[in-house]
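Take a look at the structure below.
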Amino acid sequence: MKKVIDVISIMPEYFDSFLKTGLIGKALKTGLMEINIINPRDFSSGKYRRVDDKIYGGGAGQLLMAEPIIKACEYSVENFKEKYKSEKRAVVIMSPSGKLLDSDAASEMSDFDHIIIICGRYEGIDARVADLTGGIEISIGSYILSGGEIASIVFIESVSRYFKGFLGNQESLKEESLSGDFKKILEYPQYTKPKTFKNLSVPEILLSGNHKLIEKWRMEKALKKTEQIRKIKI
Ligand code: SAH
């Protein structure tokens, strides 16, 4: 079953190069995946096609209104139903106060056939969008971005790596930092040509062809790196 991701965003131009480039570009071309960008402005009524308004109760800034987003969601669901049979759908709302995205969450999300991602802007989104969609709020980190677009791109990049056939070599998923056997540890250092660069040589053991020793070396280095990174205080 093809994986379909519909992104609801008032700034669709964020996705122009993303959809054309790298593994995502390839997966869209081969039909492994489909990504549609849906603009709530197209579902907004009135002369000015407003998508945002002031916040009830006061406070600075604007909030995205519920109606255009909900209409965009309804369109996404109808459109998907017309083409595909599956009901395995998730609604994700990008939010700094959501569940923190990690490799387990990304892997679990990859089970869904249809993912609707809602991107906030300004001060965020009318709370009724979460109530009506039952969507899960996901954060990509403990900091505030100006909008959900980049966050949704991060989400899509991390989830799509778990789609069957997305990576040329599925083994790389297991060897990556924070996944498979390396769940709690970061990746070991890696080298490519040339053997010596600015007086720094590739560790001899990696040229030895002894896979057991190489594995042991990598595990040691990965643990050391993890320890070092955890100590960094900024
Ligand atoms: N007023 C909000 C921040 C709004 S930021 C607050 O204090 O929590 C505007 C939008 O950017 C959010 O609605 C969300 O969609 C997106 N966003 C910002 N930071 C994010 C993060 N760390 N992870 C995911 N989405 C984020």
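Go through the range 32-53 and give me each residue that's part of a strand (DSSP E or B), charged (D, E, K, R) and away from the ligand (no atom under 16 Å from the Cβ). First the steps, then the outcome.
Step one: list which residues in the range 32-53 are part of a strand (DSSP E or B), which gives 33-38, 52-53.
Applying the additional criterion that residues be charged (D, E, K, R) yields 34, 52-53.
Correct list: Glu34 only.
Taking the range 78-103 as the range and being in a helix (DSSP H, G or I) and either free of Cβ contacts under 8 Å to residues at least 60 places away in the same chain or over 23 Å from the mean Cα position of the chain (by Cα) (or both) as the test, the residues that pass are Glu78, Lys81, Glu82, Lys83.
Scanning the range 146-182 for residues that are more than 11 Å from the ligand (Cβ to nearest atom), open to solvent by 40 Å² or more (accessible area, probe 1.4 Å) and under 22 Å from Gly98 (Cα atoms) yields a total of 4. Residue-level check: of (1) open to solvent by less than 50 Å² (accessible area, probe 1.4 Å); (2) away from the ligand (no atom under 16 Å from the Cβ), Ser95 misses just (2).
Within the range 191-208, if we keep just the residues that are under 35 Å from the mean Cα position of the chain (by Cα) and exposed (fewer than 10 other Cβ atoms within 10 Å of the Cβ), the residue that is nearest to Glu157 (Cα to Cα) turns out to be Thr192. Return yes or no: is Leu206 closer than 25 Å to Trp217 by Cβ, aliphatic (A, V, I, L, M) and assigned to a loop (DSSP other than H, G, I, E, B)? Against the criterion (closer than 25 Å to Trp217 by Cβ, aliphatic (A, V, I, L, M) and assigned to a loop (DSSP other than H, G, I, E, B)), Leu206 does not qualify. Under the condition of being more than 24 Å from Ile140 (Cα to Cα), assigned to a loop (DSSP other than H, G, I, E, B) and acidic (Asp, Glu), the residues counted in the range 158-192 number 0.
Taking the stated definitions as given, is Gly25 part of a loop (DSSP other than H, G, I, E, B), assigned by TED's automatic domain parsing to the domain that holds Gly148 and open to solvent by less than 50 Å² (accessible area, probe 1.4 Å)? No.
Test of understanding: among Tyr75, Tyr56, Tyr143, which residue is open to solvent by 40 Å² or more (accessible area, probe 1.4 Å), among the hydroxyl-bearing types (Ser, Thr, Tyr) and assigned to a helix (DSSP H, G or I)?
Numbers: Tyr56 fails: assigned to a helix (DSSP H, G or I); Tyr143 fails: assigned to a helix (DSSP H, G or I).
Matching residue, one of Tyr75, Tyr56, Tyr143: Tyr75.
Which ones in the range 105-134 are of a type in the set (Asp, Glu) and either free of Cβ contacts under 8 Å to residues at least 12 places away in the same chain or open to solvent by 70 Å² or more (accessible area, probe 1.4 Å) (or both)?
First, pick out the residues of the range 105-134 that are of a type in the set (Asp, Glu): 108, 111, 113, 123, 126, 131.
Selection gives Glu108, Asp111, Glu123, Asp131.
The values are calculated or read from the model by the stated rules, or taken from the named source; none is laboratory data. Everything numeric in this text was worked out from a predicted model, so none of it was measured. Cβ sites come from the backbone with ideal geometry, for glycine too, and all protein chains shown count toward neighbours. Side chains are part of the model used for accessible areas, which takes the heavy atoms of the whole protein and leaves out ligands, DNA and RNA. Shrake-Rupley method; radii C 1.70, N 1.55, O 1.52, S 1.80 Å.
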